[in-house]
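The structure under discussion appears below in the form of structure tokens.
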Amino acid sequence: MAAVSSADAGTGTNPAQQSELSREDQTLLLFAGLMEGGKEDDETVSDLDRLTKVLNDDVEATKNGEASICSLIDSDCADTLLSYLDMRQPDIVRGHATLTTSSYLKAAGDDGAQKLSEFFYDRVKRGTYDDYIVAFCVAAAVFPIVPELTAEMFLSEGFLASLGPLMRRKWKSRKVETACLDMLNVACMNAACREAVQKYCLEWLEEIVDQDPDDVVKDMFAANPDGSLGEGSISMRRHSRQVQNLAAVILAKLKATLPPQQPAKVEELSESSSGRVELATTSIEDLSKMFTGLLASSPEQGGSNAVEGLAYASLQPRVKEELAKDGEFLKNLVKTLKSAQPRSPMTYGALSIFSNLTRYQPPQSEEQKRLGQLKAYANAAGKTATQKPDPLNDDEHVAARCQNVFAAGVTPVLVSHSKNGSAASLSLIIGIIHALSMTQSLRGQLAQQGAVRLLIDAWNALASVDGAASSADTALAQRTAAQALARILISTNPALVFGGTRPMPITAAIRPLSSLLKRDDDSYDLLPAFEALMALTNLASTDDDTRGGILRVAWPDVEEQILSNNVRVTRAAVELVCNLVQAPEGILMYADGSPAARNRLNIMVALADAEDEGTRNAAGGALASLLAYEGVVDGVLSRERGVQIILGLCGASESEDLRHRGAVSIYSMVMCDGETGKKAKAAIKAANGVSILTGCAKASRRAEVVEVTVFALKELLKDE
């Protein structure tokens, strides 16, 4: 680095004075201050933050053709910066140094990558405890920043193989072991690194987790029969509890995500220093029990490791089942999540565990089911081997786990975390609520505990994500939130859900629900659309403001669903229309005399003759309301077989509801004034209406049906 006088370095130039200097001088002055050391933490953090800004500004300056300041940053400067990532530095310093390192690697490009590699290899080559600690800490810190470069360093020939002898040394260094395992833990985020860790480190990781402190003491006294401990204390000869916990977390990641290694042949196993002949084999279930015990006994000290380990262990069906049946563990996990800071690893880990426990298997399309059947046939014929689905992942087991998770009181905590969580955490929260809402008996309680507001707010928050920040994952989370909202609103009274001390308008739910009706591509899933239509029908039963809101936001999509090839979706859409036409805006859709309104009316009359009784019932209900208006009566009369279809409802022998809707429709037609009323009476008589209505009155057992039918007959026969 270019020379900077000690007088300049020690003057403590304030930020205002530094901003007047050139970018080059600012860089030299800041590195001189960082090299000086001996400062208070807040001063060091301030220098690191200013250096971060200078490096970020340098990226923009180089885009404009200016020379980069990174040419001034030599190996000594890079070493100084990277040394602040040492675990022995205060946490606040390490955190800010990580941000500065990220900015440096971005600004320096290939030169920064080369200096980072040189630093790592040089420290590992030196081989002292201090050098190992710094090298491992740097690798762990920069892995998320430059994963490809760090993975290349991590997978360099001989590096992983050298860690076994280091971790098996007679004299233990807790800081070296902790730094090493922190590095391995972060490296497991990369698939190639994960496989390499399993290949080279699995055996000694098993040994660490399997360590028995009593065996260490016995070995010491066996080596010293006179009772003396020899050199070093007992604690220097055994792995610390923190090291064991970290090793267990790494093992959980390996066992949960990779197939098990083939065991070595017995004759190839050599007797270890502890006298054992065979390798320790810690199962994922053993690790899970270890983590649950750790969370219960020392949540403050070991909670982070326990949660991280369980987030991976709970991917396994057997572990899910055991955890979900452990009521005490679920309560401890809820308590841990409640006290965790927003946007923290602890929060994300706890949410991941709940997500794993409650996740249903994704539904299969008809094509996927057929492919599965073909694979099964091929497997039966011995042509291929397919893994059968684990029965512990079926809907019945997942539903039971959801019941247990809900009973542990997770919903209010999810509501609390949804307000300040990251997008990733919010997606997990939405997924958990979505899974809980699959159980119909829980929907009312979910609504009472704030799930409706949570889902609406989450949908709106995700909808505001745009541009590069938006992704397929965000769109999926938004759709999942809308579907969970639909399920809850199907089974609950809107007046109760949207009431209370902090009421939310019912119309706030319309946009999320209507988004499920939009057909994006050929893989469109009909189930969410069906559930959205049912939920909107429930909302449309409340008042004209809500009905008007649905018409303004969702009407084009509702019309499209009326023509669906799926009978249940069509029925749900017509049921929604039946409620919407109770509002003035809904009536105008069919009665304003326009060609579009006439076309809609023709479709509704046709649906009143559908094979599905539910669809006929809903269409008849809509027509019973609409035929109170002259324009609609005229439209039915001008349609071929329009009157016959309405009379067909009256003659339905299977349903009192159908007869009621038909009789009300005919009564409205014969009560119409003027020329239209006369045409209606003549058309009804010509279609054998008197006989059909007489039969309807005789067949009906409900007083309101008989009454309206008789009134219609009297009006029809009044002139005679």
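Numbers at a glance
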| quantity | calculated |
| --- | --- |
| Set V124, V134: member being crowded, with 21+ Cβ neighbours inside 10 Å and in a helix (DSSP H, G or I) | V134 |
| Region 482-504 residues that are surrounded by fewer than 24 Cβ atoms within 10 Å (Cβ to Cβ) and modelled with pLDDT of 90 or more, paired with ones that are among the β-branched types (V, I, T) and in a loop (DSSP other than H, G, I, E, B) (beta carbon under 9 Å, 6 or more apart) | P494/T542 |
| Region 24-45 residues that are touching a residue at least 40 places away in the same chain (Cβ under 8 Å), paired with ones that are of a type in the set (F, W, Y) (beta carbon under 9 Å, 6 or more apart) | L34/Y84; T44/Y84 |
| Test for L649: is it at pLDDT 90 or above, in the same structural domain as K681 (by TED's automatic domain parsing), assigned to a helix (DSSP H, G or I) and surrounded by fewer than 18 Cβ atoms within 10 Å (Cβ to Cβ) | no |
| Boolean, G65 is surrounded by fewer than 17 Cβ atoms within 10 Å (Cβ to Cβ) and more than 24 Å from R94 (Cβ to Cβ) | yes |
| Residue within region 97-112 that is more than 38 Å from the chain's Cα centre (by Cα), in the same structural domain as R23 (by TED's automatic domain parsing) and outside any helix (DSSP H, G or I) present | no |
| Odd one out for V413 among (1) under 18 Å from the mean Cα position of the chain (by Cα); (2) closer than 24 Å to P362 by Cα; (3) at pLDDT 95 or above; (4) of a type in the set (A, V, I, L, M) | (2) |
| Some residue of region 570-587 being in contact with a Phe, Trp or Tyr (Cβ under 7 Å, 6 or more places away or on another chain), surrounded by 20 or more Cβ atoms within 10 Å (Cβ to Cβ) and either without any contact (Cβ under 8 Å) to a residue 60 or more places away in the chain or not assigned by TED's automatic domain parsing to the domain that holds A618 (or both) | yes |
| Residue that is surrounded by fewer than 16 Cβ atoms within 10 Å (Cβ to Cβ), free of Cβ contacts under 8 Å to residues at least 12 places away in the same chain and among the hydrophobic types (A, V, I, L, M, F, W, C), where the choices are A606, A596 | A596 |
| Contacts under 6 angstrom Cβ, first residue in region 667-682 being assigned by TED's automatic domain parsing to the domain that holds L693, partner assigned to a loop (DSSP other than H, G, I, E, B), 6 or more apart | S668/L627; S668/A628; M669/L627; A680/C672 |
| Residue match in region 600-616 (condition: at negative phi and within 37 Å of the chain's Cα centre (by Cα)) | yes |
| Condition met for A477 (at pLDDT below 95, in a helix (DSSP H, G or I), surrounded by fewer than 18 Cβ atoms within 10 Å (Cβ to Cβ) and among the hydrophobic types (A, V, I, L, M, F, W, C)) | no |
| Residue tally, condition small (G, A, S), surrounded by fewer than 21 Cβ atoms within 10 Å (Cβ to Cβ) and under 17 Å from E707 (Cα atoms), over region 653-678 | 1 |
| Positions within region 96-145 being farther than 29 Å from P345 by Cα and among the hydroxyl-bearing types (S, T, Y), in sequence order | Y121, T128 |
| Residue in region 685-705 that is closer than 16 Å to G620 by Cβ and either hydroxyl-bearing (S, T, Y) or in a loop (DSSP other than H, G, I, E, B) (or both) present | yes |
| Identity of the residue in region 696-711, crowded, with 16+ Cβ neighbours inside 10 Å and among the small types (G, A, S), that ends up nearest to the chain's Cα centre (by Cα) | S700 |
| Count - residues of region 34-61 that are in contact with a helix residue (DSSP H, G or I) (Cβ under 8 Å, 6 or more places away or on another chain) and closer than 21 Å to L105 by Cβ | 17 |
| Odd one out for S691, checked against (1) surrounded by fewer than 16 Cβ atoms within 10 Å (Cβ to Cβ); (2) among the polar types (S, T, N, Q); (3) within 59 Å of the chain's Cα centre (by Cα) | (3) |
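The values are calculated or read from the model by the stated rules, or taken from the named source; none is laboratory data. Just so you know, these numbers come straight off a predicted model, no measurement behind them. Heads up, the Cβs are rebuilt from the backbone with ideal geometry, glycines too, and the neighbour counts pull from every protein chain shown.
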